[in-house]
Amino acid sequence: MRSEIIKILLENRNEFVSGEYISEKLGITRSAVSKHIKNIKNQGYEIESITRKGHKIVGCPDLLSGGVIKHDLNTRFIGKEVIHFDTIGSTNDYAKKVALESSDGTIIVSEEQTSGRGRRGKEWHSIKGDGIWVSIILKPDIYPHNAPFITQIAGASIVKALRNLKIDASIKWPNDIIVNNKKVSGILTELGAEIDRINYIVLGMGMNVKTMDFPGDIQNIATSIFKEGYNVKRIDILKNILEEFEKLYLDYIQKNDKSNCIKICKESSAILGKNIYIINADKKRKVKCIDLNEEGNLVIINEDNDIEELISGEVSIRGEHNYV
Ligand code: BTN
């Protein structure tokens, strides 16, 4: 209810909205409206309240709350439901718990994660207010073996969103987003499925936005948007990602069209044309990346000068000299 009230106030941000209007619109009593407004103010929203005139929003805290996300969000179904936490273990874990009863496109977002998870069982540092820690619940009508491509769609939408905001980002195929040769964002996609049917996908995205200090083990490979000199609001990045994601996702699940996604991945690739190391189990081989084919597989030339196609998820990649 609070997010609905914030949405109404934001839609009318230049004027006072009466308690009566809000109560009629949302089907709640005037005293319930007053209580919610009080709580919203306690969350850090600046709201001017004048007797007989109503309420006017004059400032929003830097929170990724439902009302702020939904305001002017240009999507059909992604982010129409938002579950926002101040703190939680992991948004992916919570999303998996509620996935079956949630609607397609519901997003779970938290200001902080206390047990944020990265790929391959790694920890994902998720300090309060420092980044975007979000999971999207998806229910596509596709076969489970086609699900991994959704990770590439997420990568493409993140890089496109950052570029829309004039941030020079690239993709380290298939799912790390890079700014100035360091990782700024990563994706963890999890599947709830039967052998031939997807029940749900939880698409987890983490982005370091304001973090200035990283722990020793990732200091040389991790960075943040602020650390690289870009002053962009978390909310603008998140809304841009959701909008870009929905377009590419609908192309894929409705028309099986991967072309726009692959175009973005190719144009913004951090590895095409470069020598890289691919790591598979304990084996490390130096290869050259030559293309991303229309299926979204990475085409490389191996040590014996043979051409190989790599499928996402099979290998891990390192740059010849650095992280990329
Ligand atoms: C990686 O690059 O290793 C993937 C990182 C994914 C982190 C995000 S943050 C939101 C969501 N919840 C989690 O616990 N992990 C993902």
Name the residue that is surrounded by the most Cβ atoms within 10 Å (Cβ to Cβ), counting only residues in region 112-122 that are more than 9 Å from the ligand (Cβ to nearest atom) and more than 16 Å from the chain's Cα centre (by Cα). Thr114
Condition met for Ser102 (assigned to a loop (DSSP other than H, G, I, E, B), open to solvent by less than 40 Å² (accessible area, probe 1.4 Å) and away from the ligand (no atom under 12 Å from the Cβ)): yes
Scanning region 124-159 for residues that are part of a helix (DSSP H, G or I) and more than 16 Å from Glu243 (Cα to Cα) gives Pro144, His145, Asn146, Phe149
Number of the condition not met by Glu308 [criteria: (1) in a strand (DSSP E or B); (2) of a type in the set (Asp, Glu); (3) closer than 13 Å to Ile153 by Cβ]: (3)
When you scan region 124-136, do you find a residue that is assigned by TED's automatic domain parsing to the domain that holds Asp93, surrounded by fewer than 24 Cβ atoms within 10 Å (Cβ to Cβ) and near the ligand (Cβ under 9 Å from one of its atoms), even just one? yes
Listing of strands (runs of 3 or more DSSP E) fully contained in region 182-284 that carry 3 or more residues being buried (at least 22 other Cβ atoms within 10 Å of the Cβ): 182-194, 197-208
I'd like the residue in region 291-301 that is within 12 Å of Trp173 (Cβ to Cβ) and either assigned to a strand (DSSP E or B) or in contact with a His (Cβ under 6 Å, 6 or more places away or on another chain) (or both) and, out of all such residues, is most open to solvent (accessible area, probe 1.4 Å). Asp291
Matching residues, region 145-167, being open to solvent by 50 Å² or more (accessible area, probe 1.4 Å), in contact (Cβ under 8 Å) with a residue 12 or more places away in the chain and away from the ligand (no atom under 16 Å from the Cβ): Lys160, Arg163, Asn164, Lys166
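The values are calculated or read from the model by the stated rules, or taken from the named source; none is laboratory data. Remember, predicted model here, so these are calculated numbers, not experimental data. Glycine gets a Cβ as well: all are built from the backbone with ideal geometry, and neighbour counts include every protein chain shown. The accessibility values were calculated without ligands, DNA or RNA, using every heavy atom of the protein model including side chains. Shrake-Rupley method; radii C 1.70, N 1.55, O 1.52, S 1.80 Å.
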